1. Evaluate segment 215-234: report whether one residue or more is under 22 Å from residue 385 (Cα atoms), outside the structural domain of residue 353 (by TED's automatic domain parsing) and out of contact with any strand residue (DSSP E or B) (no Cβ under 8 Å at 6 or more places or on another chain).
2. Looking at segment 364-391 only, could you name the residues that are under 25 Å from the mean Cα position of the chain (by Cα) and assigned to a loop (DSSP other than H, G, I, E, B)?
3. Report yes if residue 276 is modelled with pLDDT under 85, outside the structural domain of residue 368 (by TED's automatic domain parsing) and either exposed (fewer than 10 other Cβ atoms within 10 Å of the Cβ) or closer than 26 Å to residue 379 by Cβ (or both), otherwise no.
4. Of (1) under 32 Å from the mean Cα position of the chain (by Cα); (2) within 29 Å of residue 281 (Cβ to Cβ); (3) at pLDDT below 90, residue 351 satisfies all except one. Which?
5. Quick one: is residue 83 more than 27 Å from the chain's Cα centre (by Cα) and in the same structural domain as residue 54 (by TED's automatic domain parsing)?
6. Which of the residues that make up segment 220-237 are assigned to a helix (DSSP H, G or I), free of Cβ contacts under 8 Å to residues at least 60 places away in the same chain and under 20 Å from residue 167 (Cα atoms)?
7. Looking at this structure, is residue 405 modelled with pLDDT of 90 or more and part of a helix (DSSP H, G or I)?
8. So residue 106 ticks every box in (1) surrounded by 16 or more Cβ atoms within 10 Å (Cβ to Cβ); (2) over 24 Å from the mean Cα position of the chain (by Cα) but one. Which box is left unticked?
């Protein structure tokens, strides 16, 4: 044990010498870094007297973020912030401080009264004091952590009472007035990219599960040029308009569409979503996945067949039911049946004109079950059930359930202890 402790001490001493006293556990090691002195040295052109790793931390920060004020002014502002509060002298909040230092201040920093105990809360308090005249939605503080040259300016733009409609390239996505309202009401745990996609999906009428899928998907990672943002908006709207669409398939479908667009662009052709049905896109996606899988097995050209789906499904365990309503002369029979074959699933989608076939992988995995409500011999509703909840109910062409159908659904839900 004594030899092990001596060896550990030797390793720690070597690490401290190598990193200039910062250690391996970050910048709060035994000898705390005087970041104010480091900034002063760099501003005075004496960077050779600063440990390389410390200088690199600041240089990386100085080379990112908002482009607005002159470089010397931004460094002077950054130094003033560090001098105003010792708790802000920590690399974890340097990106926020640099984005604040790179914009025009509406109040003197000397009037700031720090609020909060943590570094992040105090940095946000500083940003609100220097950049905002009005209350700012809590989620917008995340833009100050961005390394983008435009996005951090959105905090001051909104905080000073400006309209999102006139934000221009600060917020590239196409947002209507309703979307702007939903955007500003976004939850605190979302960043600006996720908030924009959430707002678009909500206004386009997406189900909660699809909203979550879009917020977690590739479109919620960044913004693009206006032309690309216009297509992304169309893509999100197209997904939201697909009745009985499995939200789990949203990510794979977007990947497939982007791949198809790239192929079209390579051939100098324009790609459009107009006229494409959910069923046709799902077939194309499955064939593309089959090609990718086959390509991994054999690196040579050959003909690929479509994906072969499991034909029969295991019953989910819920009880079927039939209900007779009306008088003897005008008797109507409502019946609930589970769809247990892939061919029946495809037939249901074709008859009801929606994308219920996209649920095939989920049914195979046992995540969900698809039922149908029939009135006498005719189809009325397609029902998605999962985890003890009736998640989605749709009629022909995405029709919502009528009051009479809802009452029948409630009886069947009570029979099976399902939440409606």
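The values are calculated or read from the model by the stated rules, or taken from the named source; none is laboratory data. Computed from a predicted model, the values in this text were never measured in an experiment. Backbone-built Cβ (ideal geometry, glycine too); neighbour counts: all protein chains shown.
1. From segment 215-234, those under 22 Å from residue 385 (Cα atoms) are none; that's our starting set.
The answer is no, given that none of the residues of segment 215-234 is under 22 Å from residue 385 (Cα atoms), outside the structural domain of residue 353 (by TED's automatic domain parsing) and out of contact with any strand residue (DSSP E or B) (no Cβ under 8 Å at 6 or more places or on another chain).
2. 367, 368, 387
3. Values: modelled with pLDDT under 85: no; outside the structural domain of residue 368 (by TED's automatic domain parsing): yes; either exposed (fewer than 10 other Cβ atoms within 10 Å of the Cβ) or closer than 26 Å to residue 379 by Cβ (or both): yes.
So residue 276 does not fit the description; no.
4. Unmet condition: (1).
5. On the way: more than 27 Å from the chain's Cα centre (by Cα): yes; in the same structural domain as residue 54 (by TED's automatic domain parsing): yes.
Criteria met by residue 83.
6. Just the residues of segment 220-237 that are assigned to a helix (DSSP H, G or I), to begin with: 220, 226-237.
Filter once more, so that each one left must be free of Cβ contacts under 8 Å to residues at least 60 places away in the same chain: 220, 226-232, 234-237.
Hits for segment 220-237 are 220, 226, 227, 228, 229, 230, 231, 232.
7. On the way: modelled with pLDDT of 90 or more: yes; part of a helix (DSSP H, G or I): yes.
Yes: the conditions hold for residue 405.
8. (1)
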